[in-house]
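The block underneath contains the structure these notes are about, expressed in structure tokens.
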Amino acid sequence: MPATPDQPVISMRDVVKRFGSQTVLDGINLDVYKGETMVIMGGSGSGKSTTLRLMIGSFLPEEGEIWFFGEPTCGMGEAEFNGIRRRFGILFQSGALFNSMTVAENVALPLREHTDLDPAIIDITVKIKLELVSLREHADKYPSQISGGMKKRAGLARAMALDPEILFYDEPSAGLDPVTSAQIDKLMVNLSQQLGVTSVVVTHEMDSAFTIADRMAMLDKGRILRVEKRSWFEQLRDTPEAEAATLDDDHRLIRQFLRGDPDGPITDRSSDVGYEQDLFGDSASFPTAVPSLEPTRGG
């Protein structure tokens, strides 16, 4: 069922995710619209990877609802949700290629598992997908024979094998040098423009985020602080220091993250926990007498 122009292809409503007694996501509301690139960003432990895993069905929320293409998915059985999964592709952080398969065999795997296409058609399709990521001449190589950036591109070709409507990217620039990272960003932008794919990108790399995003969502401690167009975050990032001092805590926190400043609300709260209390607890007793510095053995 195609989404209407004003209907999100993905919608999260009041989503709560817990692991044991720890609440990792607390009331997440987020919409992703057809053809846009939504960047989900935040520091380590903010909940962005958990948000992605909820979207792709790896986790189920304790509370709230997730909708794909206008359909609620949390009550779906595995077989029914697999029908949704065929409509999206995932680029995992490491590429997640099978080491025993060539690049071409990795890309062909979804086509062989989920379609009844003739092997000759699969072969042509694989070559087309590898050409899109500039890897066709490396089709017969194994993952151990290619670089980290090439593995990411091969993983992207596999994610596109079934012509998905949505592509999920988990830290696409992680572990890459600046030039290779820029190449991946350019490839993602080109794919969105040429194929009209909806993209959801989890990252904490700000150079990449400001290159590829249409809209951005900032997470912190399991809550969404702000969802806005890229231009809003650019304006906040470039706010002069004197003006930034008048902003509220959430805006200053977002600005610090965007700029990578060493001082600000993020680093201030990390020093709020008492060091001695963290080491010894509330009931710790500390010695009041200064230990003797006299030698215990005769000279």
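Here the range 30-51 is the region considered, the condition is being within 15 Å of the chain's Cα centre (by Cα) and in a strand (DSSP E or B), and the residue that is surrounded by the most Cβ atoms within 10 Å (Cβ to Cβ) is I40.
Restricted to the range 87-104, and to residues there that are within 27 Å of D185 (Cβ to Cβ) and not hydrophobic (A, V, I, L, M, F, W, C), the residue that is farthest from the chain's Cα centre (by Cα) is T102. When the range 165-188 is limited to residues that are touching a Gly at 6+ places or on another chain (Cβ under 8 Å) and at pLDDT 90 or above, the one that is surrounded by the most Cβ atoms within 10 Å (Cβ to Cβ) turns out to be L167. From the list T288, T296, T267, T246, the one residue that fits, being modelled with pLDDT of 90 or more and hydroxyl-bearing (S, T, Y), is T246. Test A79 against the criterion of being of a type outside the set (D, E) and either loosely packed, with under 14 Cβ neighbours inside 10 Å or in contact with a Ser or Thr (Cβ under 7 Å, 6 or more places away or on another chain) (or both), and give yes or no. So A79 fits the description; yes.
For the range 238-263, a residue qualifies if it is within 24 Å of the chain's Cα centre (by Cα) and surrounded by 17 or more Cβ atoms within 10 Å (Cβ to Cβ), and the qualifying residues are R252, L253, I254, R255, Q256, F257, L258. Of the numbered criteria (1) surrounded by fewer than 21 Cβ atoms within 10 Å (Cβ to Cβ); (2) at pLDDT below 90; (3) in contact with a strand residue (DSSP E or B) (Cβ under 9 Å, 6 or more places away or on another chain), the one G27 fails is (2). Scanning the range 114-138 for residues that are over 18 Å from L162 (Cα atoms) and surrounded by 15 or more Cβ atoms within 10 Å (Cβ to Cβ) returns a single hit, H138. A single entry from S208, S231 fulfils the requirement of being hydroxyl-bearing (S, T, Y), closer than 14 Å to M41 by Cα and either part of a helix (DSSP H, G or I) or at pLDDT 95 or above (or both): S208.
The values are calculated or read from the model by the stated rules, or taken from the named source; none is laboratory data. The shown structure was predicted, so the numbers you read here are calculated from the model rather than taken from an experiment. Neighbour counts are summed over all protein chains in view; Cβ atoms, including those assigned to glycine, are modelled from backbone coordinates with ideal geometry.
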